[in-house]
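Written out below as structure tokens is the structure these notes cover.
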Amino acid sequence: MAVVERVWSREILDSRGRPTVWASCELRGGAIAAASVPSGASTGRAEAIELRDGDSKRYGGLGCRQAVANVNGPICDALQGNTFETQQQLDAALLALDGTPNKSRLGANAILAVSLAFARASAVENRVPLYRQFATIIGDEPRTLPRMTINLFSGGKHAGGQVCIQDVLVVPAAAKTIDEGLAATYAVYQAAAKLTQQKYGARALKADEGGLAPPFPSTESMLVDAVAAMRQAGFEPGRDVAIAVDVASSHFFESGRYTFDGQALDSHAMIGLVSGWLEKYPIVSLEDALSEDDWSNWPALKTSLGTKALTLGDDFLCTNPARIRRAIDAGAANALLLKVNHIGTLSEAAEALRLARSAGWRVTVSARSGETEDDWLADLAVGWNADQIKVGSITQSERLAKYNRLLAIEAETGLPVIAWP
Ligand code: PGA
Ligand code: ZN
């Protein structure tokens, strides 16, 4: 049980230098804690609304002063002095106050900042680590640490579109610990940086999430180079380390066609293309290989990938229980990319998780391309027993905050890293 003494908020800057929302929550017993919300660039159309000021003279319209004012005004007024037995009760109060289906009144950024700050203040009050507090939301215990999927190469909206797909990620598949997985990924990343310098004469230019972004001549060359870097680092691709791909195809899909390396592919051809990659490269997970609007073709994609790679839905599902239910019924995916700010409260994200689990799906807990130094995502992945975590590259402090937190949780709990399926 927690009585909210007050909540308050400020604007802070994210890893792209854009404003985002920070909020703090004080409980009656004296516990105080704060949290920050991230922000995406390759956003799904079904995402909850991130409130931006729209004043073009300030941060190009991206200011969050209105969202901050909503926390300091109506949200604080509604919560102050009230008792909440659970996170669900707090989140329900926020939803009722907003009253819109997509959080457009108060802003999902304002709402989520408060939802997270309350969870963290509750952890302080209950004298438990944050991952335990998160676990109580889903009525579970932390049992495993997530397997990492770490950005190596970037394209798409995170790298200026030099190639259409967004991320090629390293999966340290054989690593028994977080520590071992990070060391393996570092070796691959360094080998890739050297390779891109030799091959493209490019300095190690980095994209939004810290992935290397040389001028690849084709999309498939990202995969060729990833395998070469793995070998150069002394690993056996497919055994020691594997590849995950975020195709992020909604962002090159228009009028029923995928504009891929200068070709206009229909959905059938797109499925053929990515399925062909599985024959040549050690890919274990394919995210948004079809567009968020291409509902009728996702079941065929899933059938084609079979058990070789996860059919992972990001923009396609938007951590939205209604969309996940529809995808389960249609047999359209078998893995959920869970982004809490897709939906806007911890409780709704927990509902998305429960639904995905009820269908036997895998779950990847994910950061956004615009991140902050806050590390709550690592606790969430552990508390909710996520199969994978996707944070970005092994560079840049807003990413490393989460990896360093995973190292701390590993040292503290000794929990095992989940085996790759
Ligand atoms: P976003 O991208 O945070 O820019 O939406 C991350 C992803 O697509 O996984
Ligand atoms: Zn994605």
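The values are calculated or read from the model by the stated rules, or taken from the named source; none is laboratory data. On a predicted model such as this, the values are computed, not experimentally measured, just so you know. Positions of Cβ are backbone-derived with ideal geometry, glycine not excepted, and every protein chain shown enters the neighbour counts. These area figures cover heavy atoms from the full protein model, side chains too; ligands, DNA and RNA do not enter into them. Shrake-Rupley method; radii C 1.70, N 1.55, O 1.52, S 1.80 Å.
Numbers for the structure displayed
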item: Paramagnetic label zone (point 7 Å from Cα along Cα-to-C-beta, A264; backbone N under 20 Å) in region 146-190; result: 164-165
item: Paired Rg and Dmax values of region 330-421, which use every Cα atom, in angstrom; result: 13.4, 41
item: Charge dipole (the chain, unit charges on Cβ, about Cα centre) - positive-most of A192, A269, A386; result: A192
item: Size of charge dipole - the chain - debye, nearest 20, with Cβ of Lys, Arg +1 and Asp, Glu -1, no other charges; result: 320
item: Simple spin-label estimate for Q198 and L407 in nanometres, 7 Å along Cα-Cβ; result: 2.8
item: Theoretical gain in end-to-end length, R325 to R127 [0.36 nm per residue, Cα-Cα removed]; result: 67.7 nm
item: Exposure rank, largest accessible area first [E180, E287; 1.4 Å]; result: E180, E287
item: Helix 178-200 vs. the chain, principal-axis angle (Cα, 0 to 90°, nearest 10); result: 50
item: Theoretical ellipticity at 222 nm over the chain - DSSP helices of four or more residues, -39500 (n - 2.57) apiece, nearest 500; result: -11500 deg cm²/dmol
item: Distance from region 233-282 to region 329-390 (C-alpha centre basis), Å; result: 22
item: Where N is the number of residues in region 147-413, Cα Rg divided by 2.2 N^0.38 Å; result: 0.94
item: Carbon/sulfur fraction of accessible area - the chain, other protein chains in place, 1.4 Å, %; result: 49
item: With Cα atoms, 0 to 90° folded angle of helix 346-358 axis to the chain main axis; result: 50
item: Radius 14 Å from Cβ of S267, net charge of other residues (Lys, Arg +1; Asp, Glu -1); result: -4
item: Residues of type lysines that K103 reaches as a straight line, Cα spacing below 30 Å, ignoring anything fewer than 8 places off in the same chain; result: K57, K157, K339, K390, K402
item: Positive-end residue of L27, G256, P215, charge dipole of the chain with Cβ unit charges; result: P215
item: Cα long-axis angle, helix 267-280 against the chain (0 to 90 degrees, to the nearest 10); result: 70
item: For the chain, accessible area per residue (1.4 Å probe, heavy atoms of protein chains only), Å²; result: 36
item: Check: region 239-300 dipole with +1 on Lys, Arg Cβ and -1 on Asp, Glu Cβ, in debye; result: 260
item: Alpha-carbon centroids, region 156-181 and region 43-121: separation in whole Å; result: 31
item: Region 160-172 - phi-based ³J(HN,Hα) in whole Hz, Karplus 6.51/-1.76/1.60, Gly and Pro as x; result: x, x, 5, 9, 7, 7, 8, 9, 10, 10, 8, 10, x
item: Formal net charge of residues neighbouring V7 (Cβ-Cβ distance under 11 Å; K, R +1; D, E -1); result: -2
